[in-house]
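See structure below.
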Amino acid sequence: MKRLKLILSSLIVTPLLLFPAVAHAETTTTTTETVTETTTTTDTTEKRIAKYKLALKTVPTAAEQIKIKANCKAAQVKGRILSAQITQKIALRSAAYVATTGKIDGLITDLKAAKVDTANLQTERDALQKLITAYGTDLKVYQDSITDMNAIDCVADPVGFKAALEAARISQAVCLKDIKAITAQVIDTIKPTLEDIKNSKKTNEGTQ
């Protein structure tokens with residue numbers, strides 16, 4: 001019983017690690033049931049850039065393309081450096097999600113053993129996993145766009161570079177939205193449920 005109290009307390013007071021939504025050129029390996037990244041071998045950089053171009057709302061003018069050609073190589077150098085720097089942040093976020101879902105799974109097991117109803121908590125945990133999985137899918141799209149932006153011959157194809165840049169911005173916004181949804185699920189939904197379970201146990205113990 002004391003162990004359950006400690007686990008409940010730690011989950012309630014321990015915040016979910018938060019880091020900016022970032023991406024890098026290499027694929028991030030994650031634990032099963034956390035951030036799942038789908039690898040599509042047939043979707044090459046060239047094919048993705050063609051898709052980016054189709055989605056580009058405004059094609060750069062001739063003058064704008066000249067400006068892109070003059071600056072894009074330097075931007076790609078900075079982009080590659082940034083990609084290398086943020087690899088650790090993605091790993092930390094993944095580890096935070098693994099730790100959070102792992103603690104919840106362990107708690108559910110212990111609560112069941114103590115004959116505590118875990119139906120709501122399990123449903124909320126499953127919803128959390130769906131959000132994390134969606135984030136993993138969207139993260140892969142973001143990573144691909146960053147990789148493509150850094151890999152393209154931007155002088156030969158300034159429109160493609162601009163399209164990849166826009167795709168990266170859009171997919172980053174999606175990832176940020178995913179992260180907010182995951183955080184809200186933990187703080188606004190799962191945390192109150194854990195508090196309710198903890199308070200209920202206190203009440204039951206007080207009446208015994």
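Structure above, values below:
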quantity	calculated
Matching option when the condition is out of contact with any His (no Cβ under 9 Å at 6 or more places or on another chain), at pLDDT below 90 and either surrounded by 12 or more Cβ atoms within 10 Å (Cβ to Cβ) or not hydroxyl-bearing (Ser, Thr, Tyr) (or both), among Leu82, Leu56, Leu92	Leu92
Given (1) assigned to a helix (DSSP H, G or I); (2) out of contact with any Asp or Glu (no Cβ under 9 Å at 6 or more places or on another chain); (3) under 30 Å from Gly79 (Cβ atoms), number of the condition Asp153 does not satisfy	(1)
Number of the condition not met by Lys130 [criteria: (1) over 16 Å from the mean Cα position of the chain (by Cα); (2) surrounded by fewer than 14 Cβ atoms within 10 Å (Cβ to Cβ); (3) assigned to a helix (DSSP H, G or I)]	(1)
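The values are calculated or read from the model by the stated rules, or taken from the named source; none is laboratory data. The shown structure was predicted, so the numbers you read here are calculated from the model rather than taken from an experiment. In this analysis, Cβ positions are derived from the backbone assuming ideal geometry, glycine residues included, and neighbour counts consider all displayed protein chains.
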